[in-house]
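The values are calculated or read from the model by the stated rules, or taken from the named source; none is laboratory data. Here the structure is a predicted model, which means the values were calculated and not measured. Neighbour counts are summed over all protein chains in view; Cβ atoms, including those assigned to glycine, are modelled from backbone coordinates with ideal geometry.
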Amino acid sequence: MQSTSTLSFLALLASTVSATSSFSFGIPNTYPDFSACLSQPSVFSCENTTEIVNTCCSPTPGGLVLQTQFWSTWTGLEKEGQLLPKGSWTIHGLWPDNCDGSFAQYCDPSRQYDPTPGAGVTPYTGPGVDTFILEFERLDLLDYMEKYWINQGAPNKNFWAHEFSKHATCTSTFDVACYGKSYKKHQDVINFFDAVIRAYHQYPTYDMLAAGGIVPSNTTSYNLTQIQNTLQAQTGALPYLGCVNNSLTEVWYFHHVFGTEQYGTYKSLDTTTPTTCSSTEPVWYYERTASSEHEVRDLP
């Protein structure tokens with residue numbers, strides 16, 4: 001079932017097609033121009049011994065890259081069709097922490113699309129980033145994001161804008177200059193969204209936990225070591241686990257990247273952030289509210 005938001009986008013696109021006879025059905029490319037990187041030495045981010053000359057070729061200084069996910073049990077916008085994907089954790093983001101674990105945020109005011117960015121940053125009041133996706137005719141991308149990149153208490157598009165504005169603008173490989181002279185406005189935004197999904201696909205958290213006998217339950221709890229060992233056995237590194245009231249809500253996978261954040265190889269690393277889950281008390285991995293999730297997987 002598609003959300004009300006997605007259906008409205010489809011209607012908008014249909015009206016655009018009918019309004020112009022010059023509409024092109026070729027989907028524009030959004031990849032950067034990394035041809036100059038072929039002459040540069042390639043290393044894993046944060047492991048270079050000399051300064052990165054072309055920052056389009058390796059994420060710097062934010063070379064500690066985190067793929068982050070949420071386990072939420074409700075959205076708050078169920079009546080608007082904003083539901084959680086059954087049998088899957090949801091996307092949080094792709095973060096460029098500095099090599100020492102510190103981080104920058106909202107690094108480029110000219111690419112600030114977050115309507116509620118917090119203190120010190122001017123809120124964005126223009127068209128939502130969902131319209132940027134439509135500009136590039138990426139209904140496939142929009143559909144996937146509406147299924148797996150879910151906000152809580154506000155529309156999904158606000159969350160997507162937050163993640164790009166706060167994090168992607170601090171990742172050097174998404175700088176506008178990296179797209180060359182043929183850059184099209186918002187090309188970097190679409191490229192980032194694709195990169196987030198590519199990284200997310202590496203970590204099917206729900207399936208990895210379930211394969212280890214750890215499934216959502218309102219009656220059975222788990223211990224922290226059991227959860228950590230289950231994920232570490234599949235990823236080769238210890239991820240960060242986040243809890244609220246000792247209920248599992250987040251996982252962060254840490255990496256150095258060989259090449260660019262968009263397309264490079266991710267090397268798994270142990271978390272640099274201590275877990276907020278208790279090592280002595282039971283950890284709960286609660287079931288979702290039945291009315292808050294829906295089936296998004298293709299069924300025979």
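Flag not set for Leu231, criterion: of a type outside the set (Gly, Ala, Ser), surrounded by fewer than 19 Cβ atoms within 10 Å (Cβ to Cβ) and on the phi < 0 side of the Ramachandran plot.
Every condition in (1) of a type outside the set (Asp, Glu); (2) at pLDDT below 95; (3) crowded, with 19+ Cβ neighbours inside 10 Å holds for Asn191 except the one numbered (2). Residues in segment 1-32 that are assigned to a loop (DSSP other than H, G, I, E, B) and aromatic (Phe, Trp, Tyr) were compared, and the one that is modelled with the lowest pLDDT is Phe23. Applying a threshold of 7 Å to beta carbon distances and a minimum spacing of six or more residues, or different chains, the list of pairs starting in segment 33-44 at a residue that is assigned to a helix (DSSP H, G or I) and ending at one that is surrounded by 14 or more Cβ atoms within 10 Å (Cβ to Cβ) reads Ala36/Asn54; Cys37/Asn54; Cys37/Cys56; Cys37/Cys57.
Anything in segment 48-80 that is closer than 27 Å to Gly180 by Cβ and more than 21 Å from the chain's Cα centre (by Cα)? List them, or say none. Hits for segment 48-80 are Asn48, Thr50, Glu51, Ile52, Val53, Asn54, Thr55. Please verify whether segment 83-94 includes one or more residues that are touching a Phe, Trp or Tyr at 6+ places or on another chain (Cβ under 8 Å) and at positive phi. The answer is yes, given that some residue of segment 83-94 is touching a Phe, Trp or Tyr at 6+ places or on another chain (Cβ under 8 Å) and at positive phi. Close contacts from segment 273-291, counting a first residue that is of a type in the set (S, T, N, Q) and a second that is in a loop (DSSP other than H, G, I, E, B), with Cβ to Cβ under 7 Å and a gap of 6+ residues or different chains, come to Ser278/Asn246; Thr289/Thr73; Thr289/Trp74.
When the helices (runs of 4 or more DSSP H) confined to segment 95-198 are screened for residues that are touching a Pro at 6+ places or on another chain (Cβ under 8 Å) and either free of Cβ contacts under 8 Å to residues at least 12 places away in the same chain or over 19 Å from Tyr263 (Cα atoms) (or both), those reaching at least 2 such residues are found at 139-148, 156-166. If you check Arg138 against the conditions, is it over 28 Å from Glu78 (Cα atoms) and touching a helix residue (DSSP H, G or I) at 6+ places or on another chain (Cβ under 7 Å)? Here the answer is no, as Arg138 does not meet what is asked.
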